[in-house]
Amino acid sequence: MKPGPALAAATHALRGGRVPGGGLIRAVAVVLSLRLALWFLPFATVMSFLDRRRSALSRRPDRKRPRRRPAARPRHIAWRVSVAARIVPSSSCLVQALAGQQLLAAEGYESIVHFGIAASGTAAFAAHAWLDCNQRTLIGGATSGYVTLDSARRGPTLPGP
């Protein structure tokens, strides 16, 4: 059985292929793919796949040539992810941060996803994930009330000369 066009586009986008219609469609495809992956797969499996995806991206021959089009700015990528999160149900801060990181890496930017918990002394447990690029929080909003537990730095690892 062949996958439907939406699933095929999402898989193609997550693997780094260009999707007709521009960056917003690609952002929706990546957010949807990650939302589904985090529902059905263990977190470690998803992170391992994203690491392999980043490594494959860095080995692509077109990364060594000058771009024919300018790279999308980080704030534009963050905007696309926020719009995609409104379209894809249950797009948590984790889904948005990981999707933003993948899209930034595809454009050649290094970024860091932070995983944290609320610093308040209340009994309620509150976890949060946010994305930083160029020492600026792009996805995740105000993070001052959270303590970082771990961070995941990702970006293109271009081969040296």
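Each value in this text was obtained by applying a stated rule to the coordinates, not by laboratory testing. A quick note: this is a predicted structure, and the numbers were derived from the prediction, not measured. We place every Cβ from the backbone using ideal geometry, glycine too, and count neighbours over all the protein chains shown.
When residues in segment 132-146 are screened for being of a type outside the set (D, E) and part of a strand (DSSP E or B), 6 of them pass. One residue stands out among those in segment 89-129 that are closer than 16 Å to W79 by Cβ and without any contact (Cβ under 8 Å) to a residue 40 or more places away in the chain: the one that is surrounded by the fewest Cβ atoms within 10 Å (Cβ to Cβ), which is E107. Looking across segment 74-131, the residues that are under 18 Å from D150 (Cβ atoms) and either assigned to a loop (DSSP other than H, G, I, E, B) or of a type in the set (D, E) (or both) come down to S92, E110, A119, F125, A126.
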